[in-house]
1. With the requirement that a residue be within 24 Å of Ser45 (Cβ to Cβ) and open to solvent by 20 Å² or more (accessible area, probe 1.4 Å), what does the stretch 138-178 give you?
2. Say whether the condition of being away from the ligand (no atom under 12 Å from the Cβ), at pLDDT below 95 and in contact with a Lys or Arg (Cβ under 7 Å, 6 or more places away or on another chain) is met by at least one residue in the stretch 44-66.
3. State all residues of the stretch 1-37 that are in a loop (DSSP other than H, G, I, E, B) and closer than 19 Å to Ala230 by Cα; if no residue qualifies, say none.
4. Quick one: in the stretch 191-212, which of the residues that are among the β-branched types (Val, Ile, Thr) and assigned to a loop (DSSP other than H, G, I, E, B) is farthest from the ligand (Cβ to nearest atom)?
5. From (1) closer than 27 Å to Met154 by Cβ; (2) outside any loop (DSSP other than H, G, I, E, B); (3) not charged (D, E, K, R), pick out the condition that doesn't hold for Gly176.
6. Residues in the stretch 38-57 that are outside any loop (DSSP other than H, G, I, E, B) and either within 25 Å of Val184 (Cβ to Cβ) or open to solvent by less than 30 Å² (accessible area, probe 1.4 Å) (or both): how many?
7. Any residue at all in the stretch 169-177 that is touching a residue at least 60 places away in the same chain (Cβ under 8 Å) and more than 12 Å from the ligand (Cβ to nearest atom)?
8. Would you be able to say whether some residue in the stretch 133-156 is at pLDDT 95 or above, within 12 Å of the ligand (Cβ to nearest atom), of a type in the set (Phe, Trp, Tyr) and closer than 24 Å to Leu84 by Cα?
Amino acid sequence: MTEPEIVVRPDPDACARAAAEIIAETLANASAQRGRAHWATTGGSTPGAIYRTLAVPPLRDSIPWDQVELWWGDERFVPADHPLSNAKIAEADLIEIGSLSGESGTGGSGADVAGGRTAGAPIPAGNVHPIPTGLAIAGSHDPEWAAERYVQTMRSVGVPTDGGWPVFDLVLLGVGPDGHVLSVFPNSEAFDRDDIAMGIPAPTHIEPHVARVTLNPKILDHARRILVVAHGASKAAILADILGSEPDVRRLPAQLARRAGATWILDEAAAAALHR
Ligand code: 6PG
C-alpha cells in the first residue's frame, strides 16, 4: 500500500483553509488540463468551513467555476431542504442560493444575498448535481431509484470513465467514527456490488439512522485526487487504526483512501494517536 500524504494543522479552521487551498488548486489544474473539473464532495461536519473559505476571495476567484461539475459522494435519503441533507450544506455555504431547486441542477434564482451572506461561488446551477433523493421521495421511489437516476446524470454530463468507473478529479471525504467513508460502513454490502451508485439501508450503529445513497467504494480507486479531512479528539483512535493497522478495507472502509494521490488533513487533536 502506497501511503498518502498526512498534513497536520493546529485546529479545524486551519484544516479547512488547507483543504480549501488544495481543492482550489486541484479544480483549477483539472480545468486547465481537461477543460472540466469533476468534484465529488461530502457531508457531515467537514465541508461547511471549507465551503465558506472557497466561497469568498481570494480562493473563489482562483477557480474557473463555470468548468466545475459538483457531485456528491453520498447523500442521506431526505429532501434537499432537510437539515440532514448533504447537498443543503453546499447550498448554505458554497453555491448560489436556489441552485438546488428541483434537484435537477437547473432553476437557480441567482439571488445576491440570502440569509445574510453574499451569493457565494458562481458555479452555474446546471453544473450542480445533487443525488436526487428529494425527487425520489416526492415520487415515492426508493434509494435505488435515486442512485440509478444519479448515474444517468453522470453519463449524460460526461464524467470521464476508466473501465466503466467514473474518474473524479477530486473526491472530498470525511471519516465516520466507525471508519466509514462515503456511506460505505464497515462490512458494507457495497463492497459486493458493481453498481456505480446504490441505496444503503439506514445504519443502526451510527447516526443519523436514515437510508443513504452512496457511490461505490471502487470509485476511490479511480479518483485522480482524494482529500480526507477530519478533526477532533473523538476521531483520534479510529484514525490511528485506519492509518496504522494492516489494510482491511471491509473493516475500515476509510483505508481505501490510504493511497498515493490522497492527502489527509487532520487537526492536532485528531492526529494525537498517530505514530509520527
Ligand atoms: C455523511 C457523510 C459521511 C461523513 C462522515 C464524517 O453523509 O455523513 O458523507 O461520510 O463524511 O460520517 O462525518 P463527520 O465529519 O460529521 O464526523
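1. Within the stretch 138-178, Pro143, Pro177, Asp178 qualify.
2. no
3. Within the stretch 1-37, Glu3, Pro4, Pro10, Asp11 qualify.
4. Looking at the filtered set, the residue picked out is Ile196.
5. All conditions are met except number (2).
6. 10
7. Yes, the conditions are met somewhere in the stretch 169-177.
8. No, because not a single residue in the stretch 133-156 is at pLDDT 95 or above, within 12 Å of the ligand (Cβ to nearest atom), of a type in the set (Phe, Trp, Tyr) and closer than 24 Å to Leu84 by Cα.
The values are calculated or read from the model by the stated rules, or taken from the named source; none is laboratory data. All of these numbers come straight from a predicted model, not from anything done at the bench. Glycine also receives a Cβ, built like all others from the backbone with ideal geometry; neighbour counts cover every protein chain displayed. Accessible surface is based on the protein model in full, side chains and every heavy atom, while ligands, DNA and RNA are left aside. Shrake-Rupley method; radii C 1.70, N 1.55, O 1.52, S 1.80 Å.
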